[in-house]
1. Can you say whether L215 is within 26 Å of D284 (Cα to Cα) and not charged (D, E, K, R), as far as the supplied structure shows?
2. Does M292 qualify as being under 20 Å from the mean Cα position of the chain (by Cα) and not hydroxyl-bearing (S, T, Y)?
3. Tell me, which residue of the range 153-166 that is within 21 Å of R127 (Cα to Cα) and among the charged types (D, E, K, R) is surrounded by the most Cβ atoms within 10 Å (Cβ to Cβ)?
4. Exactly one of these conditions fails for V170: (1) touching a residue at least 12 places away in the same chain (Cβ under 8 Å); (2) assigned to a helix (DSSP H, G or I). Give me its number.
5. When the residues of the range 173-192 are narrowed to those that are part of a helix (DSSP H, G or I) and out of contact with any helix residue (DSSP H, G or I) (no Cβ under 8 Å at 6 or more places or on another chain), which ends up nearest to E253 (Cα to Cα)?
6. Would you kindly identify the strands (runs of 3 or more DSSP E) lying entirely within the range 9-120 that contain at least 1 residues that are within 19 Å of the chain's Cα centre (by Cα) and of a type in the set (D, E, K, R)?
7. Which of the residues belonging to the range 114-160 are of a type in the set (A, V, I, L, M, F, W, C), out of contact with any Ser or Thr (no Cβ under 9 Å at 6 or more places or on another chain) and closer than 19 Å to T304 by Cβ?
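The values are calculated or read from the model by the stated rules, or taken from the named source; none is laboratory data. All values derive from a computational prediction rather than experimental measurement. Positions of Cβ are generated from backbone atoms using ideal geometry, with glycine treated the same way; all protein chains shown enter the neighbour counts.
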Amino acid sequence: MDRRSWYIIIHPMRFTGKGHGKVILMGEHAVVYGEPAIGMHLERGITVSLGVPSRGSPGKNLAHLDDRGREAFVAAARAVGVDPARFRLTVASRLPVGQGLGSSAALSVAASRALLRAAGETLDDARVLDVAQVLEKVFHGTPSGIDATIALGKGPVFYRKGAPPEPILVGAPIPVVVLLSGTSPSTKAMVERVRRRREGDGPGTDRILGEIGALVTEARELIRAGSLEGLGRAMDENHRLLERLGVSTDGLESLVAAARRAGALGAKLTGGGGGGAVISLAGDGRHAREIMKTLNLGPNSFMTMVQTPAGGAP
């Protein structure tokens, strides 16, 4: 009888998930006072991989995370019925740190997707967000959920405080160049600055906030229509109003002016201000690359292309 030896190679299981970075396209600060805002995802993001280790302690398995990150991951793992000690976690990020681009939400969504795969669950968006909120509560206490919704990567969303976010169908791809100032913003400090200004000059500040809200509503229709030039003008006006609110800086103003000189259709700060990033709008991908070449900021600039994902509405 012919004996044959059979060798089975077993590859260790690996479960992965991705979360996208985000920018606020328009509506910063006004959204705190009931006006709408538009957020959109970045192509860049964070990928979490869970591999089954041959050995190792839970501490070593989660070595890619700091103490708060480990606390968040363990809480989420338990929420889906997965033993966090079973897996070795690795994190790969293409998001700059401290620039207001939604890194914690991206990590939360990436970890949520990986954990749900490990648990054998389907990646329904609502379920992903439920688990992501477990992590976000550790990071932020009482998160609104907006950043995590954008981190799903399903296109831009229109949102207003107290209402569910509304997906926006994109009439034409939106090429955006992100410019990093290199200074870390304090969103809390900027929100407090606007609050104090409003207390001292309620009607004047409220007029600015209302004008920003009107621009956001206009921008939603411009995005649907694919009118990039109109959207660029709205972004310029939004930035002018944010400057009047006192949340811009000399560094951000310099980046905005440089982007406009380089041919951007519009440019503005994104997020709370006081540092962080500037976004500039291009006509297409080639135009975006020309803007980046002209500005010559190296790793402090990158392009993202936002559109409605294939298959219809996000």
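1. So L215 fits the description; yes.
2. The answer is no for M292.
3. Ranking the candidates gives K154 first.
4. Tallying (1) touching a residue at least 12 places away in the same chain (Cβ under 8 Å); (2) assigned to a helix (DSSP H, G or I), V170 fails exactly one: (2).
5. Restricting to residues being part of a helix (DSSP H, G or I) and out of contact with any helix residue (DSSP H, G or I) (no Cβ under 8 Å at 6 or more places or on another chain), the top hit is M190.
6. 14-26, 37-51
7. I146, I150, L152
Okay, residues lined up against (1) modelled with pLDDT under 90; (2) surrounded by 18 or more Cβ atoms within 10 Å (Cβ to Cβ); (3) within 30 Å of E221 (Cα to Cα):
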site	(1), (2), (3)
A114	no, yes, no
T122	yes, no, no
V128	no, yes, yes
A151	no, yes, yes
I168	no, yes, yes
A172	no, no, yes
T183	yes, no, no
